[in-house]
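Only one structure is covered here, and it is reproduced in the block below.
The values are calculated or read from the model by the stated rules, or taken from the named source; none is laboratory data. Since this is a predicted model, take the numbers as computed values, not measurements. Cβ placement follows ideal geometry from the backbone for every residue including glycine, while neighbour counts extend to all protein chains displayed. Note: areas computed on protein heavy atoms with side chains; ligands, DNA, RNA excluded. Shrake-Rupley method; radii C 1.70, N 1.55, O 1.52, S 1.80 Å.
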Amino acid sequence: MPEYDYLVDVRNLKTFFYTEDGVVPAVDRVSLRIKSGETLGVVGESGCGKSVTSLSIMRLIQEPPGKILEGEIFFKGENLLLKPEEEMRKIRGGDIAMIFQEPMTSLNPVYTVGDQVSEAIILHQGLSKKDAIDKVVQMFKLVGISDAERRVNSYPHQLSGGMRQRVMIAMALSCSPDLLIADEPTTALDVTIQAQILELMKELKGRLGMAIILVTHNLGVVAEMAQNIMVMYAGKVVEYASARDIFKTPQHPYSYGLLYSVPRLDRGKSKEPLLTIEGIVPNPYNMPPGCRFHPRCKFRMDICDKEEPPLTAIENSERSVACWLFIRRGKQDFLSEGVI
Amino acid sequence: MAKDEVLVEVKNLFKYFPISGGVFGRTVANVKAVDGVSFIIRKGEALGLVGESGSGKTTVGRTLLRLIEPTKGKITYDGVDITTISRAKLRPMRKHMQIIFQDPFGSLNPRMTVGEMLGEPMEIHGVAHGRDKDHRIQDLLELVGLRGEHARRYPHEFSGGQRQRVGIARALALNPAFIVADEPVSALDVSIQAQIINLLIDLQSRLNLTFLFIAHDLGVVKRMCDTVAVMYLGNIMEHAENTKLFGQPLHPYTQALLSAVPIPDPDIKRERIILRGDIPSPVNPPPGCKFHTRCQNFISGLCDVKIPELREVRPLHLVACHLV
Amino acid sequence: MRDYVIRRLIQLVPLIIIVSVLIYGIIDLAPGDPLEQLLLDPDFTMEDLARLEQIYGVGGPFPERWAKWFWRLIRYQDLGVARFHPYPVWDLIVERVPITLRLSILAMSVSLLVAVPLGIFSAKRQYSSWDNFFTGLAFMGRSMPTFWFGIMLILIFGIYLGGTPLELPMGNLTSIIFTEGVPWITLQLDAAKHLILPVLVLGLAGMTGWTRYVRSTLLEVLRMDYIRTARAKGLSERVVIWKHAIRNVLIPLITLVALALPGLFAGAIITETIFAIPGMGRLIFSAVISKDFSLAVGALTFLCFLTIASNLLADILYAVVDPRVRYR
Amino acid sequence: MPEVTSIKKSTEFDLSKEEYSYWGVVWNRFRRHRMAVFGLVILTIIVLFSIITPLISHYEFDTMSLEDRFSPPSSQFLLGTDELGRDVLVRLAYGGRVSLFVAIVASISSLIIGAIIGGISGFFGGWLDNFLMRLVDVLLSIPTFPLLMILAMYFGGSLWNIILIFAILGWMGESRLIRGYFLSIKETEFVEAAFAIGASSRRIIFRHIMPNTLAVLLVSVTLSVGGVILFEAALSYLGLGIQPPTPSWGNMLQRSMEYILGAPTKGGGPPWWLTFYPGLMIFLTALSVNFLGDGLRDALDPRMKM
């Protein structure tokens, strides 16, 4: 039995960017926990800090301008932020692997895909070049790349977007990671290809049993893949709950707004206006005081622009919400109110 | 409002983009972006054109406004054949048909103020001058949910959603009857997307606009459009009223496409059709029915040989499939 | 790939023809009749002149004259006779090219040896004081009039340091007049010593330009997604830079280097003049100064062909090293 | 429809407090660029020096004083005198006028030629583009500097001839650059939008494309001034550029070469000032122009958030 409860336990992570134009609090005291084999969906709009959170876990933040200011990232009970760079490198690509949004640009154009995938295998498993290539072929077959023996000698530009993403997945899974971080893995793909990749990820997860952090803006994708969901807004966690709870009874006005402003196939009539969240995402250099969502919030109270709402847990559950409305009045039923 | 009056009619539209190569740089192949497309749009209707990358939906939109010259085919707008008329005769017609673009950053000239951008079409067509023009600019800005004083600002001072509103205002500046909206919300964040969709829905009913709404997001199309046409590799596979297409899709591709869209509800478990392989290249599309290489119901000797015609299998429900 | 090379070769044909028309146009503009000076030779008769006029198409229409000139150039490597040297222009050029070629290749190599490590060093420490220092140096190099740089080096190493161990030879290719019996190594060392200053002056532009190029391209490449992928794999920063980044920097640099050769030949005009080196550059300079038209234009023709050839080389090299072009 | 009106009412506008124009942004970025500001200051000093010095000096550029030949720098002749006893300082100022004039006029002329040809090529495309770009290929395969020398030898080195030669030989690179920009701007959606509203070609070129290439043109012309200064100096140094008695920095250097190795100077030693100062002026001018161009490029960066 391992001596940790959570595979990943991030506490109060703070990653800021210091640019010429000012300071961006990209990730501001974010905490999250994942058990082995579990999938966490991280949801939010562009600039909410979801990608920076995942890159921080990998310690891949470019410094400067970025800097992990404080917090702890426990992985298998050890704090990654205290590890020397060398040890961190052993974890990257080994125990924690990552796939990215743009399969077009995420592979080096001047090396064959076989070479690029085998690199990680040679590094982390100490196989010879030849054995590593055999392993690559095996991995390519696993991720459903047809004609795998020939494909290892292909250059990225010779493959389609879907194929490249399969290569990325093969690369990530080649060293049997305990945690896979998938940063918008299907955003750049067509719907039918997205369906293929999601299916593949589900299948491989069942087979290999790794935990997944799935970063995406697509609520449908997390609904399908994740057990738990973390909603982020402007660098903050606003709500953290099981997928079912989030989708059935969202507690933060932003989660609710996000859910109901998406036009869906399974409900809503033609020409019927959508619910909207008014206004725009705040300027990252100049975040609003108090709750960062308050300028756009329909339920704004006096306290909202003065004090930041703490992330408050609901008793006897894994669920927590950062909203004054919730703290003051308890559980909300936005659905019956119908407007936001 | 005469709902049945046809405003735009497209007949057998083709657009091939040549690829040069070889020793002498001759045309060695064609990207068959649009490969024989026909449809009509009625007055006041919003037709949604959906498809994945390489389906040719964007090319259709551009060709309709003759921003791209068609290779072959006929497009009539309000009874006027616009494929054969000269550029000079086309220019006054541009008043009636406009376009909204996808990219809120690339679609506004960074060196022009919003006011200059909105005033420009009025100047070109001599619609309004001086005071009158300024008033119209203010009205337009308010119509799309911006404020009059924004006329003095440059695009870089706006957020993506606001820029998209400017783009919409520019398209509306000449009071057009027909608007091609090319993925107008796909570059926007979810919460901003909803604002723009609502704006477009509102504008359509208020100004009685006719839309060709190009998108790859089926949810958006379902919300926005009266009828929907599904494209695949340069052909229309299915064309029907909104409720029919989303309720009872008949073409196997449409069925797969709809089932591929993830639904944000963990309780909904659907039978998902996973298509095999990639979308073939439009340079060298499969013979016969272009979808046959990925189709589960494919019948050898029929689907890979004979091109299926787009037929009306039910009233106002057209499908191009041998098996329906 | 093969198609690509063939296509490039075929495209060269009209280019060469038009360039040669332009060059012949310049010759045609030249004052005086190139044949008349032959009459200065007492053995040269009017009959000889008439015969030559026939060969050279004197008095014919421009296309005919050009065609005859071009044919002689292609078939017999005949670029005419130099005015003040009693030699065919072609022979003079062939004699001088190796000297300049050696100088250029040395300058190129030195530039690359300096530029690549320095560019990488600067990029890795972007905005550090070392980076700023090299940036300043690169700007100074780009703004330096080469001839002045050369003169200043001569002043310093030849005159002020004259007689000290730091003195460097200021001109020619060797100071050993009689080579017989002198050991080979001594000859080489002597030649090397003579080459230090010219190579430095000729290589200055490449050194500074390529350093900047390597720096900015590497910075750009390091921002690419695939570099993030490489880091996410757990590769060390050394492997990330020397395997994943550097190849993407060097591919465009190779073409840049191939294209630099004609520029170095042109730059040699100044360098060889300052250091009194008997190469192509000085040949061109002396031809222009003495208004020797056939020699000057002959040398220009040679340089044009060199440019066209290095363009072709650059394109082919690019296609060979970049898989995106290779497998299209 | 209540929702729609509510959009209008409550949409927040997170616009910055003060309105700022594009050029305001550029100036702010430029100001932060230390080297660029340094370049601008040095260049201004050089220009002022060239204009003002002859107005306040006791000497003309051709005032000879044979008893003062080869005087080293002193309080009487701040930068010494040359082989004819002429004041180097004044000659430098005059040379600066000539060199800067040649460089600026030649750069602007070749830029205009380049912009017109590149613009036509990029905008209209087709066979015209093909023809013009092949022409550029041809001209680019003739090495510039030797051709410059031959033309200068043939036409002679008068001020206007030199300018003309530089203008004619300098536009090819710029035309390629401008063509590239025209091509890519022509593909943008805002140009498509202009087509869609029925704008004429002329309006699209001058109203939509040109203003967006202005930044590149400015950088290009600045950097080209630096290049022409160096080229003209090299040409003069070889005795083919501006001919004496008109002083230019290049021909001052060239004259000095005859005396640098052992002319009788008043203080003994070589007359280094004859070589050093003109070269330094060329160097400083080119350096400041390059700094300025680099700073402008960063400040005007087309990739900047517009």
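Our helix-only sum for the protein assembly as shown, with -39,500 (n - 2.57) per DSSP H run of n ≥ 4 divided by its residues, gives a mean residue ellipticity at 222 nm of -16000 deg cm²/dmol.
The 1.4 Å probe gives accessible areas that order A:GLU38, C:GLU272, largest first, as A:GLU38, C:GLU272.
Run the accessible area of chain C with a 1.4 Å probe and give the carbon-and-sulfur part as a rounded percent. Walk me through the intermediate numbers first.
On the way: 10660 of 15830 Å².
Carbon and sulfur: 67 percent of the exposed surface of chain C.
Whole number in Å², please: accessible area per residue of the protein assembly as shown, 1.4 Å probe, ligands, DNA and RNA not counted.
Values: 54420 Å² over 1298 residues.
Ligands and nucleic acids excluded, the figure is 42 Å² per residue.
Each part gets one Cα centre, and for the stretch A:67-95 versus the stretch D:190-208 those centres are 54 Å apart.
Just the number, please: buried accessible area between D and B, total of both chains, 1.4 angstrom probe, nearest 100 square angstrom. Buried: approximately 3600 Å² between B and D.
Looking at the square roots a ≥ b ≥ c of the eigenvalues of the Cα gyration tensor of chain B, which shape do they give, rounded for a/c under 1.5, prolate if a/b is larger than b/c, or oblate? It comes out prolate by the Cα gyration axes.
Relative to the longest principal axis of the Cα atoms of chain B, helix B:114-124 runs at roughly 80 degrees. Here each label is just a point 7 Å from Cα along the line to Cβ, and for C:ILE74 and C:ASP28 those points are 1.8 nm apart.
Return the average number of partner chain Cβ atoms within 10 angstrom of each residue Cβ along peptide A:172-184. Write down the numbers at each step before the final one.
On the way: counts 3, 0, 1, 2, 0, 0, 0, 0, 0, 1, 0, 2, 0.
Mean shielding count: 1.
Cross-link partners for C:LYS243 among the aspartates and glutamates, with Cα-Cα distance under 12 Å and sequence neighbours closer than 8 places in the same chain left out: A:ASP115, A:GLU119.
How big is the dipole moment of the stretch A:40-97 about its Cα centre under a simple scheme where the beta carbon of each Lys and Arg is +1, that of each Asp and Glu is -1, and everything else is neutral? Debye, nearest 20, please. Please report the intermediate quantities before stating the final value.
On the way: 8 positive and 9 negative charges, 29 e Å.
Dipole about the Cα centre, nearest 20: 140 debye.
Give me the net charge of B:GLY119's neighbourhood, meaning all other residues with Cβ under 9 Å from the Cβ of B:GLY119; Lys, Arg count +1, Asp, Glu -1. Working shown, then result.
Details: positive: B:LYS133, B:ARG136; negative: B:GLU116, B:GLU120, B:GLU123, B:ASP134.
Taking every other residue near B:GLY119 into account, the sum is -2.
Here the spin labels are modelled as points 7 Å beyond Cα on the Cα-Cβ line, and at D:SER184 and A:GLU272 they lie 4.6 nm apart. Our note on the geometry: Cα centres of the stretch C:71-126 and the stretch B:290-324, 67 Å apart. Whole Å is fine, so just give me how far the alpha carbon centre of the stretch B:152-210 lies from that of the stretch A:30-52. Rounded to whole Å, the Cα centres lie 32 Å apart. D:TYR181 contributes an accessible area of around 60 Å² to the protein surface, as traced by a 1.4 Å probe with all chains present.
Determine the shape class of the stretch A:101-217: with a ≥ b ≥ c the square roots of the Cα gyration tensor eigenvalues, call it rounded for a/c under 1.5, and otherwise prolate if a/b is greater than b/c, oblate otherwise.
Details: a/c = 1.68, a/b = 1.23, b/c = 1.36.
In terms of gyration-tensor shape, oblate.
Any lysines with Cα under 26 Å of the A:LYS141 Cα? List them, leaving off those in the same chain fewer than 8 positions away. Candidates past the 8-residue exclusion: A:LYS90, A:LYS129, A:LYS130, A:LYS202, A:LYS205, C:LYS233.
Calculate the dipole size of the protein assembly as shown relative to its Cα centre from +1 charges on Lys and Arg beta carbons and -1 charges on Asp and Glu beta carbons; express the result in debye to the nearest 20.
Details: 132 positive and 124 negative charges, 493 e Å.
Here the size comes out at about 2360 debye.
Think of the protein assembly as shown as a dipole: +1 on every Lys or Arg Cβ, -1 on every Asp or Glu Cβ, centred on the Cα centre; then among A:LEU159, C:PHE133, C:GLY25, A:LEU159 lies furthest on the positive end. For the set D:LEU111, D:LEU183, solvent exposure ranked by accessible area (probe 1.4 Å, protein chains only) runs largest to smallest as D:LEU183, D:LEU111. Residues in the stretch A:261-277 carry Karplus couplings, in order, of 8, 8, x, 10, 6, 8, 7, x, 9, 4, 6, 8, x, 8, 6, 10, 9 Hz; the curve used is 6.51 cos²θ - 1.76 cosθ + 1.60 with θ = phi - 60°, and Gly or Pro positions show x.
Of the residues A:ASN316, A:GLY22, C:ILE74, the one whose Cα sits farthest toward the positive end of the charge dipole of the protein assembly as shown, with +1 on the Cβ of Lys and Arg and -1 on the Cβ of Asp and Glu, is A:ASN316. So what's the net charge close to B:CYS289: Lys and Arg +1, Asp and Glu -1, counting the other residues with Cβ under 10 Å from its Cβ? Net charge in that neighbourhood comes out at +1. Apply the membrane-span-like helix rule to chain C: whole DSSP H runs, Cα extent along the own long axis of at least 24 Å, mean Kyte-Doolittle hydropathy at least 0.5. List the helices found. Counting only whole DSSP H runs, the qualifying helices are C:2-29, C:89-124, C:184-222, C:246-274, C:293-321.
Each label point was placed 7 Å from the Cα along the Cα-to-Cβ direction; for B:GLU69 and A:LYS83 their separation is 6.2 nm. Shielding of peptide D:282-290 by partners, expressed as the average count of other chain Cβ atoms within 10 Å per residue Cβ, is 4. Sorting the segments A:127-139, A:45-57 by their residues' average number of neighbouring beta-carbon atoms within 10 angstrom, most packed first, yields A:45-57, A:127-139.
Mind running the shape call on chain C? Use the C-alpha gyration tensor, a ≥ b ≥ c as the square roots of the eigenvalues: rounded below 1.5 for a/c, prolate if a/b tops b/c, oblate otherwise. Oblate, since a/c reaches 1.5 and b/c is not below a/b.
Here the Gaussian network model covers chain C, with springs between Cα atoms less than 10 Å apart; of C:THR307, C:THR100, C:THR229, C:THR229 fluctuates the most. Note on the protein assembly as shown: dipole from Cβ charges, positive end direction compared against C:ALA191, C:THR255, B:THR76; the farthest Cα belongs to B:THR76. Using R0 = 30 Å, the C-beta based FRET efficiency linking C:LYS243 and C:TYR127 works out to 0.75. On the basis of the beta-carbon distance and an R0 of 25 Å, B:GLN296 and A:LYS202 show a calculated FRET efficiency of 0.80. If R0 equals 51 Å, the separation of the Cβ atoms of B:ILE274 and D:ILE112 corresponds to a calculated FRET efficiency of about 0.25. Mean partner shielding of peptide B:155-163, defined as the number of other chain Cβ atoms within 10 Å of each residue Cβ, is 4.
Are there chymotrypsin sites (Phe, Trp or Tyr not before Pro) in the stretch C:235-328 that DSSP puts in a loop and that have at most 13 other Cβ atoms within 10 Å, and which ones? Kindly include the intermediate steps, with their values, before the conclusion.
Working: sites: C:TRP242, C:PHE265, C:PHE275, C:PHE285, C:PHE293, C:PHE302, C:PHE305, C:TYR318, C:TYR327; in loops: C:PHE275, C:TYR327.
Passing sites in the stretch C:235-328 are C:TYR327.
The C-alpha atoms of chain B define a longest principal axis, and helix B:190-207 lies at about 80 degrees to it. Taking 18 Å as the cut-off, the amide N atoms of the stretch A:118-133 that come nearer than this to a point 7 Å along the Cα-to-beta-carbon line of C:SER236 belong to A:119-127.
In the structure displayed, which of B:LYS72/B:LYS95; B:LYS222/D:LYS186; A:LYS14/A:LYS35 lie more than 29 Å apart, Cα to Cα? Long pairs (Cα-Cα over 29 Å): B:LYS222/D:LYS186. Taking 0.36 nm per residue of sequence separation and removing the Cα-Cα distance, the A:LEU69/A:SER176 pair yields an extension gain of 35.5 nm.
To the nearest 20 debye, what is the magnitude of the charge dipole of chain C about its Cα centre, counting +1 on the Cβ of each Lys and Arg and -1 on the Cβ of each Asp and Glu? Walk me through the numbers before you get to the answer.
Values: 29 positive and 24 negative charges, 480 e Å.
Rounded to the nearest 20 debye, it is 2300 debye.
When C and D come together, around 3700 square angstrom of accessible surface is lost from both chains combined, probe 1.4 Å.
Between B:VAL283 and B:LYS32, the built amide H atoms are under 5 Å apart, and every one of these is 5 or more places off in sequence or on another chain.
Going by accessible area, probe 1.4 Å, with all protein chains left in place, what is the ranking of D:TRP23, C:TRP148, largest first? Show your work: numbers first, answer last.
Values: D:TRP23 120, C:TRP148 15 Å².
Largest accessible area first, the list is D:TRP23, C:TRP148.
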